[in-house]
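*Asks:* Pasting a structure here, questions to come.
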Amino acid sequence: MNPETPAAARPLGVHSEVGRLRKVLVCSPGLAHRRLTPTNSDDLLFDDVMWVENAQRDHADFVNKMVQRGVEVVELHNLLTETMALPEARAWLLGRKIIANEVGLGLIDETRAFLDSLAPRELTEYLIGGLSTADLPPDVRSGYAALAREGVGAREYLMPPLPNTLYTRDTTCWLYGGVTLNPLYWPARHGETLLMKAVYTHHPDFRDATVWWGDPERDWGQATFEGGDIMPVGNGVVLMGMSERTSRQAVTQVARALFDQGAAEHVVVAGMPRLRSAMHLDTVFTFADRDVVTLYPRIVDAVHSFSLRPSDRAPGVEITDEGDTPFTDVVAKALGLPGLRVIETGGDVYASERQQWDSGNNAVALEPGVVVTYDRNTQTNTLLRKAGIEVITIVGAELGRGRGGGHCMTCPLVRDPVDF
């Protein structure tokens with residue numbers, strides 16, 4: 001395919017971590033973030049409330065910097081609005097969300113009628129931003145509504161806000177020519193994947209996509225999987241962090257699905273401690289160029305690596321324990337490289353921990369040797385520049401209040417392969 005083919009004309013697929021980024025999904029801050037309070041922010045996985053107007057400004061700057069580099073940016077509110085303009089998509093999604101287990105007996109008909117009366121954009125705002133009892137029309141004053149309000153007060157949500165939609169990479173992730181619809185770890189995020197299934201089931205630009213694994217309408221038990229742990233690095237290799245949020249039960253299932261369908265040849269598993277500081281692989285290890293990675297040594301040095309490959313014997317996956325071999329060496333060998341050039345999180349032991357906490361290892365590669373990252377990671381950014389990496393910064397003061405990072409604010413939809 002001509003490398004200058006417009007992204008809109010390219011088939012969806014992500015074939016590396018640093019090849020030229022052609023098309024990406026993001027989600028702007030909005031109503032869900034206005035509904036963050038000191039009372040509920042911890043339950044919704046945010047460290048603090050957000051100054052939403054500033055977050056929107058900084059996110060728009062992030063989008064603009066990608067657009068200036070030729071990236072086609074798809075915004076989730078817009079995408080879901082287009083999906084909800086389709087009557088069959090609206091009926092499909094509301095039929096799964098407005099049920100007794102979610103809104104309670106006695107409020108199903110009234111809530112459904114209210115949402116069905118809304119224009120697609122307004123409906124989308126509630127689907128992402130949450131629907132409280134106070135949002136219902138004044139004529140819905142049944143005893144059931146009063147009971148709901150009495151449950152936990154005026155902020156009782158019939159549909160909870162989904163502020164972590166900001167981190168689009170986690171919910172779905174493209175691995176070469178197909179996508180996973182991920183069962184997320186925290187209950188506060190479970191509703192996100194159903195929204196994405198509506199898009200992948202009904203939107204004309206997405207409904208023909210190949211789904212490797214995952215379905216938000218199934219109970220996955222202990223199998224949890226988040227895109228921040230997943231990296232299709234090229235050469236038929238996928239890195240998977242086995243972390244706080246991605247379990248071995250999911251890793252092995254996804255690996256087998258990829259092997260069964262010929263999508264990958266080798267999965268490198270990074271066994272990490274179940275710590276907040278190691279919530280995802282991309283918070284401690286990120287590619288900035290074909291052979292350049294930035295990492296947080298305190299965690300990466302402790303990674304226990306395993307290699308998964310296809311097998312003709314049940315259950316279809318062969319596991320090799322890589323023992324004491326450093327994770328970076330395992331990755332380099334899988335890519336056919338003599339080694340990786342490593343940039344450790346900058347500063348002394350205190351500065352290094354602070355920068356890692358501020359997503360210092362969480363850069364978005366726009367092309368080989370060009371990354372976007374938070375401005376506050378000054379020491380790590382300096383080291384990247386000294387290594388020849390072009391660093392484009394965005395303001396991270398508000399966008400960094402959630403438990404994700406710059407990397408996870410993007411779900412790459414089309415990314416070119418690279419040669420090693």
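*Asks:* Could you run through segment 68-98 and say how many residues are open to solvent by 30 Å² or more (accessible area, probe 1.4 Å), in a loop (DSSP other than H, G, I, E, B) and under 26 Å from Ala365 (Cα atoms)?
*Replies:* 2
*Asks:* Right, next: So which residues in segment 389-420 are out of contact with any strand residue (DSSP E or B) (no Cβ under 8 Å at 6 or more places or on another chain) and either part of a strand (DSSP E or B) or open to solvent by 10 Å² or more (accessible area, probe 1.4 Å) (or both)?
*Replies:* Answer for segment 389-420, where residues must be out of contact with any strand residue (DSSP E or B) (no Cβ under 8 Å at 6 or more places or on another chain) and either part of a strand (DSSP E or B) or open to solvent by 10 Å² or more (accessible area, probe 1.4 Å) (or both): Ala397, Glu398, Gly404, Asp419.
*Asks:* I would also like to ask the following. Could you please give the count of residues in segment 154-202 that are part of a loop (DSSP other than H, G, I, E, B), open to solvent by 10 Å² or more (accessible area, probe 1.4 Å) and closer than 26 Å to Pro417 by Cβ? Give the steps one after another, and end with the answer.
*Replies:* Within segment 154-202, the first condition is being part of a loop (DSSP other than H, G, I, E, B), and the residues that meet it are 154-156, 160-162, 167, 177, 182-186.
Okay, now just the ones that are also open to solvent by 10 Å² or more (accessible area, probe 1.4 Å), so 154-156, 160, 177, 183, 185-186.
With closer than 26 Å to Pro417 by Cβ added as a condition, the list becomes 177.
Residues meeting the conditions: 1.
*Asks:* Pairs under 9 Å by beta carbon, first residue touching a residue at least 40 places away in the same chain (Cβ under 8 Å) in segment 291-304, partner charged (D, E, K, R) and assigned to a helix (DSSP H, G or I), six or more apart or different chains?
*Replies:* Tyr296/Glu353; Arg298/Glu353
*Asks:* Quick check on my filter: what residues within segment 325-346 are among the β-branched types (Val, Ile, Thr) and either open to solvent by less than 30 Å² (accessible area, probe 1.4 Å) or in a strand (DSSP E or B) (or both)? Walk me through how you get there before you give the answer.
*Replies:* The initial filter retains those residues of segment 325-346 that are among the β-branched types (Val, Ile, Thr), namely 325, 328, 330-331, 342-343, 345.
Thr328, Val330, Val331, Val342, Ile343, Thr345, listed by residue number.
*Asks:* Please state which one of Leu123, Leu118 is at pLDDT 95 or above, closer than 23 Å to Leu76 by Cβ and not in a helix (DSSP H, G or I). Break it down stepwise before answering.
*Replies:* Numbers: Leu123 fails: not in a helix (DSSP H, G or I).
Step by step, each of Leu123, Leu118 is checked, and only Leu118 is at pLDDT 95 or above, closer than 23 Å to Leu76 by Cβ and not in a helix (DSSP H, G or I).
*Asks:* Assuming Ala302 fulfils every condition listed in (1) open to solvent by 60 Å² or more (accessible area, probe 1.4 Å); (2) among the aliphatic types (A, V, I, L, M); (3) closer than 22 Å to Arg256 by Cβ apart from one, which condition is it?
*Replies:* In the conditions (1) open to solvent by 60 Å² or more (accessible area, probe 1.4 Å); (2) among the aliphatic types (A, V, I, L, M); (3) closer than 22 Å to Arg256 by Cβ, Ala302 misses (3) alone.
*Asks:* What is the residue count in segment 322-338 for residues that are more than 18 Å from Gly241 (Cβ to Cβ) and of a type in the set (A, V, I, L, M)?
*Replies:* 1
*Asks:* Evaluate segment 38-54: report whether one residue or more is open to solvent by 30 Å² or more (accessible area, probe 1.4 Å), part of a helix (DSSP H, G or I) and of a type outside the set (S, T, N, Q).
*Replies:* yes
*Asks:* Inside segment 1-37, can you point out the residues that are at pLDDT 90 or above, in a helix (DSSP H, G or I) and open to solvent by 10 Å² or more (accessible area, probe 1.4 Å)? Give the steps one after another, and end with the answer.
*Replies:* Residues of segment 1-37 that are at pLDDT 90 or above, as a first pass: 11-37.
Next, only the ones that are in a helix (DSSP H, G or I) stay: 31-34.
Leu31, Arg34, listed by residue number.
*Asks:* Please pick out the residue among Gly234, Gly241 that is under 20 Å from Thr325 (Cβ atoms), touching a residue at least 12 places away in the same chain (Cβ under 8 Å) and in contact with a His (Cβ under 7 Å, 6 or more places away or on another chain).
*Replies:* Values: Gly234 fails: under 20 Å from Thr325 (Cβ atoms).
Answer to the selection: Gly241.
*Asks:* Hey, Ala270 hits all of (1) crowded, with 24+ Cβ neighbours inside 10 Å; (2) touching a residue at least 60 places away in the same chain (Cβ under 8 Å) but one; which does it fall short on?
*Replies:* (2)
*Asks:* Given the options Gln253, Gln249, name the one that is surrounded by fewer than 17 Cβ atoms within 10 Å (Cβ to Cβ), polar (S, T, N, Q) and not in a loop (DSSP other than H, G, I, E, B).
*Replies:* Working: Gln253 fails: surrounded by fewer than 17 Cβ atoms within 10 Å (Cβ to Cβ).
Exactly one residue qualifies, and that residue is Gln249.
The values are calculated or read from the model by the stated rules, or taken from the named source; none is laboratory data. Quantities reported herein were computed from a predicted structural model and do not represent experimental measurements. Using ideal geometry, Cβ is built from the backbone for each residue, glycine included, and neighbour counts are taken over all protein chains shown. All accessible areas refer to the heavy atoms of the entire protein, side chains included, with ligands and DNA or RNA removed. Shrake-Rupley method; radii C 1.70, N 1.55, O 1.52, S 1.80 Å.
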